[in-house]
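Data block below; observations after.
We did not get these values from a lab; they are worked out from the coordinates using the rules stated. The structure presented is a predicted model; accordingly, all values stated were derived computationally and were not measured. Using ideal geometry, Cβ is built from the backbone for each residue, glycine included, and neighbour counts are taken over all protein chains shown.
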Amino acid sequence: MFDNKYWQLVMSPFSLLYKWVTQFRNHLYNIGSKTSFEFETKVFSVGNLSVGGTGKTPMVEYICRHLLQLGYAGKTTVLSRGYGRKTKGFRLAEETDTALTLGDEPYQIYNKFTPEVRVAVGEERVLAIPTIIYEHPENEVIILDDAFQHRSVKPDLSIVLSDYQHPFYKDYVLPSGRLRESRKGIDRADALVITKCPLNLSREEQEEIRQSASKYFLNKPVYFAGISYQNAFSPFIERKIKKEIAVVTGIAHAAPFIDFLQKEYTVVKHFKYSDHHFFSSTEIEEISLFAQQKGLDVITTEKDWVKLSNHELFDSSLKNNLFYMPMMVQFLEQEKSFQQLLEESLKDK
């Protein structure tokens, strides 16, 4: 839809209005008419200009891993809005929580990093941060997930992600395109990471992208990162996954995942759902029945695994043939430079 020229033309008047509203809002923050709060606790923001998946969760996980290597176990909290959750207000994750109470991505992070990293959700980050600090004064770093447009908090480090397939400098403001605000807004960030790049992306193309981005993002670091998929895994299955599979995804852009799987497996069917989809009993029964009839294993993303494996029908339907494929950020170059940026931001000003 967003790549359709006719759609872009028809929607352009609405995009101009949306662009004006977001620019006026940013202007109020820039001149101090609206307040951006700073905190003594270090705050890192990971966000983007666009709607849809740019790989924020893998980047948040990457930062968590690096902070743990630096000795920040028990001193780090990931704070997310908790998109798609069935609860409201501030919530600090605990053992009784699920993807329904936290949202799929915060629950994924909680499962992976607890107890070394705390996870909290709250729509109003400016109110949630003082609560975290009050309840856990030992906390030293808060990572804000998807908070670039949350101007009421001024982070110590702002990292913006842009999808290699849909770079911000070729996109348009909603509803003509995917951008939540003008391309110029990216200048608020401290670093730009082009995500989901081919792992063999040439230095020449990297330089071309840097030059294109520099029209809006001048004299600031630009990094390139791809996705490294790990072996298919299930804590309940000891055998290897079969070569013929069905795939289940509830993510924004499933194409790269499917492309990778097709190099390793025969994908018989793709059950494709919208981003942050919560699976119904009927859908799970449909997936399970199809896999049984065709003699297939089922593979899904880590984000979808946390929802499927907690469903009441999991034990009776998918437990014996559902795998997930963990994914990690892999920097193409300059990983040490990115880590140094994180480490410098931890120092007192």
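Miscellaneous remarks
- Fraction in percent of alpha-carbon pairs per bin - 10 Å, the stretch 18-123: 13, 37, 33, 15, 1
- Antiparallel DSSP beta bridges within the chain, as percent of all bridges there, nearest 5: 15 percent
- Overall form of the stretch 286-325 per C-alpha gyration tensor (a/c, 1.5; a/b vs b/c): oblate
- The stretch 116-270 shape via C-alpha gyration tensor axes, a/c threshold 1.5: oblate
- Interchain or long-range residues, amide H under 5 Å from Glu333's placed H: Phe224
- Along principal axes, Cα extents of the stretch 204-332, largest first, whole Å: 56, 27, 24
- Between helix 255-264 and the chain there is an angle of about 40 degrees, using the helix long axis and the longest principal axis of the Cα atoms.
- Highest average packing first - 240-248, 141-149, 207-215, Cβ atoms within 10 Å: 141-149, 240-248, 207-215
- Restricting the stretch 164-264 to chymotrypsin sites (Phe, Trp or Tyr not before Pro) that sit in a DSSP loop and have at most 15 other Cβ atoms within 10 Å of their own Cβ leaves Phe236.
- Across the chain, the mean sequence separation of Cα contacts (distance under 8 Å, 6 or more residues apart), normalised by length, yields a relative contact order of 20 percent.
- With contacts taken as Cα pairs under 8 Å and at least 6 residues apart, the stretch 196-324 reaches a relative contact order of 27 percent.
- Listed peptides 45-58, 126-139 by packing density, highest first (mean Cβ within 10 Å): 45-58, 126-139
- For the stretch 146-232, fraction of C-alpha pairs farther apart than 14 Å, in %: 66 percent
- The chain - mean residue ellipticity at 222 nm from DSSP helices (-39,500 (n - 2.57) per run, n ≥ 4, rounded to 500): -10500 deg cm²/dmol
- Note, ³J(HN,Hα) from phi for the stretch 82-95, Karplus 6.51, -1.76, 1.60, rounded to Hz, x at Gly and Pro: x, 4, x, 6, 9, 10, 10, x, 6, 8, 9, 4, 9, 4
- Note on Tyr134/Ser316: beta-carbon distance plugged into 1/(1 + (r/R0)^6) with R0 of 51 Å gives a FRET efficiency of 0.70.
- The Cα-based radius of gyration and maximum Cα-Cα distance (Dmax) for the stretch 1-76 are 18.6, 53 Å.
- Amide H to amide H distances under 5 Å link Leu144 with Phe44, Ser45, Val46, Leu79, where only residues 5 or more positions off or on other chains count and H is placed in the peptide plane.
- Two-decimal log10 I(q)/I(0) for the stretch 264-349, as the Debye equation yields it once each C-alpha is a single scatterer, q = 0.19, 0.20, 0.24 Å⁻¹: -0.85, -0.92, -1.26
- Karplus-derived HN-Hα couplings along the stretch 301-316 (A = 6.51, B = -1.76, C = 1.60, θ = phi - 60°), whole Hz, x at Gly and Pro: 7, 5, 5, 6, 4, 5, 7, 5, 6, 9, 6, 5, 8, 4, 4, 8
- Residues whose placed amide H lies under 5 Å from that of Phe37, excluding near-sequence neighbours: Val153, Lys154
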